[in-house]
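The values are calculated or read from the model by the stated rules, or taken from the named source; none is laboratory data. Note that this is a predicted model, so its numbers are computed, not measured. Heads up, the Cβs are rebuilt from the backbone with ideal geometry, glycines too, and the neighbour counts pull from every protein chain shown. Areas reflect the complete protein model, heavy atoms only, side chains present, ligands, DNA and RNA absent. Shrake-Rupley method; radii C 1.70, N 1.55, O 1.52, S 1.80 Å.
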Amino acid sequence: MIIALDGPAASGKGTLGKRLAAHFGLRYLDTGLLYRAVAKALLDAGDPLDDGARAVAAARRLDPARFDERGLKDHAVGEAASIVSAIPEVRNALLAFQRAFAAAPPGAVLDGRDIGTVIAPDAGVKIFVVAEPRVRARRRAAELKAAGQPADDAAILADILRRDDRDRTRAVAPLKAADDAIELDTSKLDIEAAVAAAIGIVERAARRR
Ligand code: DC
(Lines give C-alpha, C1' and ligand atoms only; values in the text may rest on other atoms or scores of the structure.)
Protein backbone atom coordinates (compact mmCIF):
# COMPACT_ATOMS: atom_id res chain seq x y z
CA MET A 1 0.00 0.00 0.00
CA ILE A 2 1.18 3.51 -0.83
CA ILE A 3 -0.22 6.45 1.13
CA ALA A 4 0.29 9.89 -0.40
CA LEU A 5 0.13 12.76 2.08
CA ASP A 6 0.25 16.21 0.55
CA GLY A 7 -0.46 19.66 1.90
CA PRO A 8 0.96 23.09 2.67
CA ALA A 9 3.76 23.94 5.10
CA ALA A 10 3.21 23.03 8.76
CA SER A 11 -0.15 21.37 8.11
CA GLY A 12 0.83 18.35 10.22
CA LYS A 13 1.84 15.98 7.40
CA GLY A 14 5.08 14.91 9.08
CA THR A 15 3.48 13.85 12.35
CA LEU A 16 0.62 12.15 10.53
CA GLY A 17 3.00 10.41 8.12
CA LYS A 18 5.13 8.90 10.87
CA ARG A 19 2.11 7.78 12.85
CA LEU A 20 0.36 6.26 9.80
CA ALA A 21 3.54 4.41 8.81
CA ALA A 22 3.92 2.96 12.32
CA HIS A 23 0.23 2.01 12.50
CA PHE A 24 0.12 0.22 9.14
CA GLY A 25 3.68 -1.22 9.19
CA LEU A 26 4.86 0.87 6.23
CA ARG A 27 8.09 2.78 5.51
CA TYR A 28 8.03 6.56 5.74
CA LEU A 29 9.64 9.26 3.61
CA ASP A 30 9.51 12.99 4.33
CA THR A 31 10.17 14.20 0.77
CA GLY A 32 10.59 17.79 1.95
CA LEU A 33 13.93 16.68 3.41
CA LEU A 34 15.23 15.99 -0.11
CA TYR A 35 14.55 19.57 -1.20
CA ARG A 36 15.83 20.88 2.12
CA ALA A 37 19.11 18.97 1.67
CA VAL A 38 19.59 20.47 -1.81
CA ALA A 39 18.89 23.95 -0.43
CA LYS A 40 21.25 23.46 2.51
CA ALA A 41 24.06 22.30 0.21
CA LEU A 42 23.72 25.59 -1.72
CA LEU A 43 23.46 27.69 1.44
CA ASP A 44 26.52 25.98 2.98
CA ALA A 45 28.54 26.58 -0.20
CA GLY A 46 27.38 30.21 -0.43
CA ASP A 47 25.81 29.55 -3.84
CA PRO A 48 22.71 31.50 -4.96
CA LEU A 49 19.48 29.53 -4.61
CA ASP A 50 18.48 30.18 -8.21
CA ASP A 51 21.68 28.65 -9.64
CA GLY A 52 20.00 25.79 -11.48
CA ALA A 53 23.20 23.96 -12.47
CA ARG A 54 24.58 23.87 -8.92
CA ALA A 55 21.19 22.93 -7.50
CA VAL A 56 20.87 20.00 -9.90
CA ALA A 57 24.43 18.88 -9.10
CA ALA A 58 23.57 18.99 -5.37
CA ALA A 59 20.38 17.00 -6.01
CA ARG A 60 22.31 14.32 -7.92
CA ARG A 61 24.92 14.07 -5.13
CA LEU A 62 22.29 13.53 -2.42
CA ASP A 63 22.57 10.51 -0.20
CA PRO A 64 19.23 10.35 1.64
CA ALA A 65 20.60 7.61 3.89
CA ARG A 66 23.01 10.11 5.42
CA PHE A 67 20.75 13.06 6.22
CA ASP A 68 21.38 15.06 9.34
CA GLU A 69 17.76 16.00 9.99
CA ARG A 70 18.46 18.66 12.56
CA GLY A 71 20.17 21.12 10.23
CA LEU A 72 17.57 20.44 7.59
CA LYS A 73 14.57 21.34 9.75
CA ASP A 74 15.63 24.97 10.30
CA HIS A 75 13.04 27.53 9.26
CA ALA A 76 15.41 29.28 6.81
CA VAL A 77 16.24 25.98 5.11
CA GLY A 78 12.50 25.38 4.51
CA GLU A 79 12.22 28.76 2.84
CA ALA A 80 15.28 28.04 0.68
CA ALA A 81 13.89 24.57 -0.16
CA SER A 82 10.72 26.17 -1.49
CA ILE A 83 12.89 28.22 -3.89
CA VAL A 84 15.09 25.36 -5.19
CA SER A 85 12.09 23.03 -5.47
CA ALA A 86 10.63 25.26 -8.17
CA ILE A 87 13.55 24.34 -10.49
CA PRO A 88 12.17 21.58 -12.77
CA GLU A 89 15.56 19.83 -13.18
CA VAL A 90 15.95 19.58 -9.39
CA ARG A 91 12.56 17.87 -9.17
CA ASN A 92 13.54 15.53 -12.00
CA ALA A 93 16.79 14.58 -10.27
CA LEU A 94 14.84 13.55 -7.15
CA LEU A 95 12.01 11.71 -8.92
CA ALA A 96 13.49 8.22 -9.32
CA PHE A 97 14.56 7.94 -5.67
CA GLN A 98 11.05 8.85 -4.46
CA ARG A 99 9.30 6.47 -6.87
CA ALA A 100 11.63 3.60 -5.95
CA PHE A 101 11.06 4.27 -2.24
CA ALA A 102 7.29 4.22 -2.74
CA ALA A 103 7.34 1.03 -4.82
CA ALA A 104 9.52 -1.10 -2.51
CA PRO A 105 7.59 -3.60 -0.39
CA PRO A 106 5.70 -3.50 1.91
CA GLY A 107 4.75 -0.01 0.73
CA ALA A 108 5.22 3.44 2.16
CA VAL A 109 3.81 6.69 3.37
CA LEU A 110 5.30 9.67 1.53
CA ASP A 111 4.62 13.23 2.56
CA GLY A 112 5.19 16.24 0.34
CA ARG A 113 3.47 18.51 -2.15
CA ASP A 114 3.21 16.41 -5.33
CA ILE A 115 3.02 12.82 -4.08
CA GLY A 116 -0.57 12.16 -5.14
CA THR A 117 -0.24 14.10 -8.40
CA VAL A 118 3.27 13.27 -9.71
CA ILE A 119 5.33 10.85 -7.59
CA ALA A 120 2.67 8.21 -6.91
CA PRO A 121 -0.46 9.00 -8.93
CA ASP A 122 -1.60 5.39 -8.41
CA ALA A 123 -1.30 5.55 -4.61
CA GLY A 124 -4.06 3.55 -2.92
CA VAL A 125 -4.81 6.38 -0.52
CA LYS A 126 -4.31 10.11 -1.03
CA ILE A 127 -4.83 12.54 1.81
CA PHE A 128 -4.57 16.30 1.35
CA VAL A 129 -3.85 17.78 4.78
CA VAL A 130 -4.86 21.39 5.37
CA ALA A 131 -5.11 23.75 8.34
CA GLU A 132 -5.82 27.45 8.66
CA PRO A 133 -2.66 29.54 8.17
CA ARG A 134 -2.85 31.02 11.70
CA VAL A 135 -3.06 27.56 13.21
CA ARG A 136 -0.09 26.37 11.15
CA ALA A 137 1.96 29.43 12.14
CA ARG A 138 1.19 28.83 15.81
CA ARG A 139 2.23 25.17 15.55
CA ARG A 140 5.46 26.02 13.70
CA ALA A 141 6.34 28.73 16.27
CA ALA A 142 5.75 26.27 19.12
CA GLU A 143 8.02 23.70 17.42
CA LEU A 144 10.81 26.24 16.95
CA LYS A 145 10.52 27.48 20.55
CA ALA A 146 10.61 23.89 21.81
CA ALA A 147 13.83 23.43 19.83
CA GLY A 148 15.31 26.53 21.50
CA GLN A 149 15.11 28.67 18.36
CA PRO A 150 13.68 32.20 18.23
CA ALA A 151 10.15 32.38 16.79
CA ASP A 152 8.03 35.40 15.99
CA ASP A 153 4.45 34.30 15.27
CA ALA A 154 3.65 37.15 12.85
CA ALA A 155 6.89 36.67 10.86
CA ILE A 156 6.26 32.92 10.67
CA LEU A 157 2.70 33.49 9.43
CA ALA A 158 4.03 35.80 6.70
CA ASP A 159 6.66 33.20 5.71
CA ILE A 160 4.07 30.42 5.59
CA LEU A 161 1.74 32.46 3.37
CA ARG A 162 4.60 33.35 1.02
CA ARG A 163 5.77 29.74 0.90
CA ASP A 164 2.24 28.43 0.20
CA ASP A 165 1.88 30.92 -2.62
CA ARG A 166 5.25 29.97 -4.15
CA ASP A 167 4.57 26.22 -3.82
CA ARG A 168 1.05 26.56 -5.29
CA THR A 169 1.90 28.78 -8.24
CA ARG A 170 5.13 27.21 -9.55
CA ALA A 171 4.91 25.83 -13.08
CA VAL A 172 6.05 22.26 -12.36
CA ALA A 173 4.38 19.91 -9.85
CA PRO A 174 2.66 22.67 -7.85
CA LEU A 175 1.09 22.02 -4.48
CA LYS A 176 -2.46 20.90 -5.19
CA ALA A 177 -4.85 18.16 -4.19
CA ALA A 178 -5.11 15.24 -6.60
CA ASP A 179 -8.66 14.84 -7.95
CA ASP A 180 -9.06 11.64 -5.95
CA ALA A 181 -7.52 12.95 -2.69
CA ILE A 182 -9.54 13.17 0.52
CA GLU A 183 -9.10 16.48 2.35
CA LEU A 184 -8.31 16.36 6.06
CA ASP A 185 -8.60 19.70 7.86
CA THR A 186 -6.59 19.54 11.09
CA SER A 187 -7.30 23.15 12.19
CA LYS A 188 -9.54 22.08 15.06
CA LEU A 189 -7.96 18.68 15.76
CA ASP A 190 -5.22 17.80 18.23
CA ILE A 191 -2.60 15.27 17.18
CA GLU A 192 -4.48 12.20 18.41
CA ALA A 193 -7.74 13.28 16.75
CA ALA A 194 -5.93 14.02 13.48
CA VAL A 195 -4.17 10.63 13.55
CA ALA A 196 -7.48 8.85 14.24
CA ALA A 197 -9.13 10.71 11.34
CA ALA A 198 -6.26 9.81 8.98
CA ILE A 199 -6.36 6.14 10.02
CA GLY A 200 -10.11 6.18 9.33
CA ILE A 201 -9.53 7.56 5.83
CA VAL A 202 -6.95 4.84 5.07
CA GLU A 203 -9.17 2.05 6.42
CA ARG A 204 -12.17 3.22 4.40
CA ALA A 205 -10.02 3.45 1.26
CA ALA A 206 -8.62 -0.05 1.87
CA ARG A 207 -12.16 -1.49 2.25
CA ARG A 208 -13.20 0.05 -1.07
CA ARG A 209 -10.31 -1.57 -2.96
O1 DC B 1 7.46 19.88 3.71
P2 DC B 1 8.64 20.83 3.91
O3 DC B 1 8.28 22.08 4.65
O4 DC B 1 9.81 20.15 4.52
O5 DC B 1 9.08 21.25 2.42
C6 DC B 1 10.04 22.25 2.18
C7 DC B 1 9.85 22.78 0.77
O8 DC B 1 10.22 21.77 -0.17
C9 DC B 1 8.43 23.18 0.40
O10 DC B 1 8.17 24.54 0.67
C11 DC B 1 8.33 22.88 -1.06
C12 DC B 1 9.34 21.79 -1.29
N13 DC B 1 8.74 20.47 -1.49
C14 DC B 1 8.29 20.18 -2.75
O15 DC B 1 8.33 21.03 -3.63
N16 DC B 1 7.81 18.94 -3.03
C17 DC B 1 7.73 18.00 -2.09
N18 DC B 1 7.25 16.79 -2.41
C19 DC B 1 8.17 18.29 -0.77
C20 DC B 1 8.65 19.54 -0.49
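Per residue of the chain, what 222 nm ellipticity follows from adding -39500 (n - 2.57) for every DSSP H run with n ≥ 4, rounded to the nearest 500? The partial results should precede the final answer.
On the way: 9 runs with 115 residues, N = 209.
Only helices count here, giving -17500 deg cm²/dmol.
Where does the charge balance sit around residue 47 when Lys and Arg score +1, Asp and Glu -1, over other residues with C-beta under 14 Å from its C-beta? It would help to have the intermediate numbers written out before the result.
On the way: positive: 40, 54, 61; negative: 44, 50, 51.
Net of charged neighbours comes to 0.
Quick one: compute the contact order of the chain, relative version, from alpha carbon pairs under 8 angstrom and 6+ residues apart, as a percent. Walk me through the intermediate numbers first.
On the way: 323 pairs, mean separation 68.8, N = 209.
Here the relative contact order equals 33 percent.
For the chain, restrict the atom set to alpha-carbon positions and state the Rg and Dmax in Å.
Looking at the chain, its Cα Rg and Dmax stand at 16.3, 51 Å.
Rounding to the nearest 20 debye, state how big the charge dipole of region 99-209 is about its Cα centre with +1 on each Lys and Arg Cβ and -1 on each Asp and Glu Cβ. Could you put the intermediate results ahead of the total?
Values: 20 positive and 18 negative charges, 28 e Å.
Value, rounded to 20: 140 debye.
By how many nm would the segment from residue 1 to residue 203 lengthen if fully extended, with 0.36 nm per residue of separation less the alpha-carbon distance? Spell out each step's value before the answer.
On the way: separation 202, 0.36 × 202 = 72.72 nm, distance 1.14 nm.
Difference between extended and current length: 71.6 nm.
Quick one: divide the alpha-carbon radius of gyration of region 24-116 by 2.2 N^0.38 Å and tell me what you get.
On the way: Rg = 13.0 Å, N = 93, 2.2 N^0.38 = 12.3 Å.
The value comes to 1.05.
I'd like the GluC sites (Glu not before Pro) in region 1-94 restricted to DSSP loop residues with at most 14 other Cβ atoms within 10 Å, sorted by number.
Working: sites: 69, 79, 89; in loops: none.
Of the GluC sites (Glu not before Pro), not one in the loops of region 1-94 has a Cβ with at most 14 other Cβ atoms within 10 Å.
Pop a pseudo-label 7 angstrom from the Cα along the beta-carbon direction at both residue 154 and residue 51 and give the gap in nm to one decimal.
Reported label-point gap for residue 154 and residue 51 is 3.6 nm.
Modelled label-to-label distance, residue 183 and residue 147, 7 Å Cα→beta-carbon offset: nm?
Inter-label distance under the simple model: 2.9 nm.
Note down the relative contact order for region 1-113 as a percent, whole number, built from C-alpha pairs under 8 angstrom at least six residues apart.
Reported relative contact order: 48 percent.
What net charge is computed for the residues neighbouring residue 205, neighbours being all others with C-beta under 12 Å from the C-beta of residue 205, Lys and Arg scored +1, Asp and Glu -1? Display every interim value, and only then the final one.
Details: positive: 126, 204, 207, 208, 209; negative: 180, 203.
Charge balance near residue 205 sits at +3.
Using a Förster distance of 30 Å, how high is the FRET efficiency between residue 169 and residue 68, based on the Cβ-Cβ distance and rounded to 0.05?
0.45
Scan region 103-196 for trypsin sites (Lys or Arg not before Pro) in coil per DSSP, keeping those whose Cβ has at most 11 other Cβ atoms within 10 Å, and list them by number.
Working: sites: 113, 126, 134, 136, 138, 139, 140, 145, 162, 163, 166, 168, 170, 176, 188; in loops: 113, 170, 176, 188.
Passing sites in region 103-196 are 188.
Let me see the pair-distance distribution of region 91-156: every alpha carbon pair, 5 Å bin width, integer percents in order.
3, 15, 19, 13, 11, 13, 17, 7, 1
For the chain, which whole-number percentage of the solvent-accessible area (1.4 Å probe, protein heavy atoms only) is attributable to carbon and sulfur atoms?
Values: 5390 of 10150 Å².
Using a 1.4 Å probe with all protein chains present, the chain comes out at 53 percent carbon and sulfur.
Let me have the relative contact order for region 94-162, percent, based on Cα pairs under 8 Å that are six or more residues apart. Mind dumping the intermediate values first?
Details: 33 pairs, mean separation 14.7, N = 69.
About 21 percent, as a whole number.
Springs between alpha-carbon pairs under 10 angstrom, Gaussian network model over the chain: which of 152, 190, 51 fluctuates most?
In this elastic network of the chain, the residue with the biggest mean-square fluctuation among 152, 190, 51 is 190.
What does the charge add up to near residue 193, with Lys and Arg as +1, Asp and Glu as -1, over the other residues with Cβ less than 15 Å from its Cβ?
Numbers: positive: 19, 139, 188; negative: 185, 190, 192.
Spelling it out: positives minus negatives among the neighbours equals 0.
Cα centroids of region 64-122 and region 136-193: how far apart, whole angstrom?
Between the Cα centres of region 64-122 and region 136-193 lies a distance of 16 Å.
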